[in-house]
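Peer 1: My questions will all concern the structure given below.
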Amino acid sequence: MLVNSMELLDYDKRRNYRYLVQSSNSDVYILDKDGKPLEGWSPNHFLFSIKDKPKHYRIGGKDYFLMLSVDGFIYLVNRKGEVEKKIPLTYKSYLGDYVLGMGTNLATTFIQYVSSDGVVYKQSLDGKSSSQENLIKGNGSKFLLRRTAAGSADFFFFRMDTDKVAIFDKQQQLVIERQNPGSSQLIPSVVRLTDKTVIFCFYDLEQKLFFLYDQVGNLIGNRPIESTRAPIFGSDSKGKKFVVYSIDSDVLTSTPLN
C-alpha cells in the first residue's frame with residue numbers, strides 16, 4: 001500500500017489511538033493500534049479525488065473527517081465513513097493551506113482560505129453562512145495562506161509581488177512588507193515560537209536560499225541561508241529551543257532561532 005498521508009487520531013483523549021491513512025486519491029483507511037482496518041474503512045473508497053489529506057475534527061461532540069475534492073466540493077464524513085449528504089458545500093480554487101475556525105456546531109464552525117488573486121473566503125460548515133473580502137493587492141500579486149503549525153487555526157496571509165513580499169495577519173492587517181529578493185518562485189512558511197514571537201520564512205527556489213524575518217520585519221542573521229531544499233523547523237522535547245534545518249551540498253546545518 002502506497003501511503004500518501006497519515007494522521008494519528010485520539011477521539012476521546014484516552015490514548016485509544018487510531019490511524020487515518022490515505023493510500024490513493026480516493027482510498028482512505030482507519031486502522032486500530034494493531035494496524036487492523038476498522039469496519040467501513042478497509043478501505044473506504046470515495047467517488048471523488050481528494051485534493052488535500054483528510055483531517056479529523058470534533059465539532060459539537062461529533063467526529064467528522066473533512067475532505068476537499070479536486071473538483072471543488074467539501075465533504076464531511078462521519079465515523080462510520082458515511083458522507084453527510086445534507087451539507088453540500090463548494091470551495092473556490094486556493095493556494096497554500098485552509099483553516100477551520102472551531103465552533104460549538106457546524107453553523108458556528110467556519111472554513112477559511114484565500115484565492116491566488118487575494119479574495120478571502122469564509123463559510124460555515126452548515127452551508128448557510130459565507131463571506132468574502134479582498135486583500136490589498138500589489139504589482140502582479142499572488143496570495144496564499146499559511147498556518148503556523150499543522151492543524152492550527154493560527155495563520156497569516158502571504159502576498160508575493162514582482163517587486164515586494166508582504167504578510168497580513170488574520171485580521172487582514174499588514175504585518176511586514178519587504179523587497180522581493182528577485183525571485184518568481186518563493187515558497188513562504190511561518191512558525192510561532194511564543195505567543196509574541198513569530199518567524200516568517202521565504203525559500204527562494206531559484207537561488208536555493210531562504211530568508212528569515214522576525215515579527216517586525218528584521219532579517220534574522222543579517223543574511224540569507226543557502227539550502228538546496230526548503231528549510232524545516234524543529235524544537236527540543238520541551239518546545240523551548242527552536243532551530244531551522246537547512247541542507248547545502250549534502251551537509252545538514254541547524255541554526256538556532258532563540
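The values are calculated or read from the model by the stated rules, or taken from the named source; none is laboratory data. Just so we're clear, the structure is a prediction, and the values are computed from it rather than from any experiment. So basically every Cβ, Gly included, is an ideal-geometry build from the backbone, and we count neighbours across all protein chains shown.
Peer 1: Inside region 220-247, can you point out the residues that are without any contact (Cβ under 8 Å) to a residue 24 or more places away in the chain and outside any loop (DSSP other than H, G, I, E, B)?
Peer 2: Of everything in region 220-247, those that are without any contact (Cβ under 8 Å) to a residue 24 or more places away in the chain and outside any loop (DSSP other than H, G, I, E, B) turn out to be N222, E226, I232, G234, S235, V243, Y245, I247.
Peer 1: Here's a follow-up. Any residue in region 176-195 that's free of Cβ contacts under 8 Å to residues at least 40 places away in the same chain: show its pairings with residues that are in a loop (DSSP other than H, G, I, E, B) and acidic (D, E) at Cβ separation under 6 Å, as long as the two are six or more apart or on different chains.
Peer 2: That search, which allows pairs on different chains as well, returns N180/D163; S183/E206; Q185/E206.
Peer 1: Could you look through region 128-153, keep only residues that are in a loop (DSSP other than H, G, I, E, B) and crowded, with 16+ Cβ neighbours inside 10 Å, and pick out the one that is farthest from the chain's Cα centre (by Cα)?
Peer 2: G138
Peer 1: Which of the residues belonging to region 89-108 are of a type outside the set (A, V, I, L, M, F, W, C) and in contact with an Asp or Glu (Cβ under 8 Å, 6 or more places away or on another chain)?
Peer 2: Keep residues of region 89-108 that are of a type outside the set (A, V, I, L, M, F, W, C), which gives 90-94, 96-98, 101, 103-105, 108.
Residues satisfying the conditions are Y98, N105.
Peer 1: Here's a follow-up. Hey, among the residues in region 2-30 that are among the polar types (S, T, N, Q) and closer than 12 Å to H45 by Cα, which one's surrounded by the most Cβ atoms within 10 Å (Cβ to Cβ)?
Peer 2: Out of the qualifying residues, it is Q22.
Peer 1: Another question, then. Within region 158-166, is even one residue among the charged types (D, E, K, R), in contact with a Gly (Cβ under 8 Å, 6 or more places away or on another chain), surrounded by 20 or more Cβ atoms within 10 Å (Cβ to Cβ) and within 18 Å of D117 (Cβ to Cβ)?
Peer 2: yes
Peer 1: Here is a further query. Of all residues in region 19-34 being touching a strand residue (DSSP E or B) at 6+ places or on another chain (Cβ under 8 Å) and outside any strand (DSSP E or B), which is modelled with the lowest pLDDT?
Peer 2: Across region 19-34, the extreme among qualifying residues is N25.
Peer 1: From (1) under 21 Å from the mean Cα position of the chain (by Cα); (2) surrounded by fewer than 18 Cβ atoms within 10 Å (Cβ to Cβ); (3) part of a strand (DSSP E or B), pick out the condition that doesn't hold for F210.
Peer 2: Status for F210: all satisfied but (2).
Peer 1: List pairs: first in region 34-62 and under 17 Å from V3 (Cβ atoms), second of a type in the set (D, E), Cβ under 6 Å, 6+ apart or cross-chain?
Peer 2: P43/D27; H45/D27
Peer 1: Inspect region 59-70 for any residue being under 23 Å from T108 (Cα atoms), of a type outside the set (A, V, I, L, M), in contact with a Pro (Cβ under 9 Å, 6 or more places away or on another chain) and surrounded by 12 or more Cβ atoms within 10 Å (Cβ to Cβ) and give the result as yes or no.
Peer 2: Yes - at least one qualifying residue is present in region 59-70.
Peer 1: While we're looking at this one, here's another question. Considering region 41-58 alone, what residues qualify as being surrounded by fewer than 17 Cβ atoms within 10 Å (Cβ to Cβ) and more than 18 Å from L89 (Cα to Cα)?
Peer 2: S42, H45, R58, listed by residue number.
Peer 1: Taking the condition closer than 30 Å to S235 by Cα and either in contact with a Phe, Trp or Tyr (Cβ under 6 Å, 6 or more places away or on another chain) or buried (at least 16 other Cβ atoms within 10 Å of the Cβ) (or both), does Y121 pass? Break it down into steps so the answer makes sense when it comes.
Peer 2: Values: closer than 30 Å to S235 by Cα: no; either in contact with a Phe, Trp or Tyr (Cβ under 6 Å, 6 or more places away or on another chain) or buried (at least 16 other Cβ atoms within 10 Å of the Cβ) (or both): yes.
No.
Peer 1: Also: Residues to consider are V198, V175; find the one that is of a type in the set (V, I, T) and surrounded by fewer than 20 Cβ atoms within 10 Å (Cβ to Cβ).
Peer 2: Only one candidate passes the filter, namely V175.
Peer 1: Also, quick follow-up: Is one or more of the residues making up region 159-167 within 13 Å of P188 (Cβ to Cβ) and either touching a helix residue (DSSP H, G or I) at 6+ places or on another chain (Cβ under 9 Å) or part of a loop (DSSP other than H, G, I, E, B) (or both)?
Peer 2: yes
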